[in-house]
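Asks: Pasting in a structure now, in structure tokens, and then I'll have a few things to ask.
Values quoted throughout were computed directly from the atomic coordinates according to the rules given, and no laboratory measurement underlies them. Given the structure is predicted, the values throughout are model-derived calculations rather than measurements. All Cβ positions, glycine included, derive from the backbone under ideal geometry; neighbour counts span all protein chains shown.
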């Protein structure tokens, strides 16, 4: 099951910098994390879905790139985002 519009709206409210913010690093990483968590549940039951797994790997790599960028620009925002999303690094 994909991330619903309501879940997306909740994530936007929690991680946005301003009222019109939909594309900051924090928002993008939070949305990707929700999608990754949802896909991980899918792969727990569908172990042979290799084509879908390729999409999961692409999302993880994109999230990693965004986190690396945020870490290089502002370490404090990076640390708070990692703590809020409970991502290990």
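Asks: Looking at region 4-35, which of the residues that are surrounded by fewer than 16 Cβ atoms within 10 Å (Cβ to Cβ) and touching a residue at least 12 places away in the same chain (Cβ under 8 Å) is nearest to residue 88 (Cα to Cα)?
Replies: At the first step, the residues of region 4-35 found to be surrounded by fewer than 16 Cβ atoms within 10 Å (Cβ to Cβ) are 4-7, 9-10, 12-14, 17-23.
Filter once more, keeping what is touching a residue at least 12 places away in the same chain (Cβ under 8 Å): 7, 12, 14.
On the way: 7: 22, 12: 22, 14: 20 Å.
Checked region 4-35; the qualifying residue nearest to residue 88 (Cα to Cα) is 14.
Asks: Could you please give the count of residues in region 69-81 that are touching a residue at least 12 places away in the same chain (Cβ under 8 Å), crowded, with 16+ Cβ neighbours inside 10 Å and farther than 12 Å from residue 15 by Cα?
Replies: 1
Asks: Would you mind telling me which numbered condition in (1) surrounded by fewer than 17 Cβ atoms within 10 Å (Cβ to Cβ); (2) under 21 Å from residue 4 (Cα atoms); (3) within 13 Å of the chain's Cα centre (by Cα) residue 64 fails?
Replies: (2)
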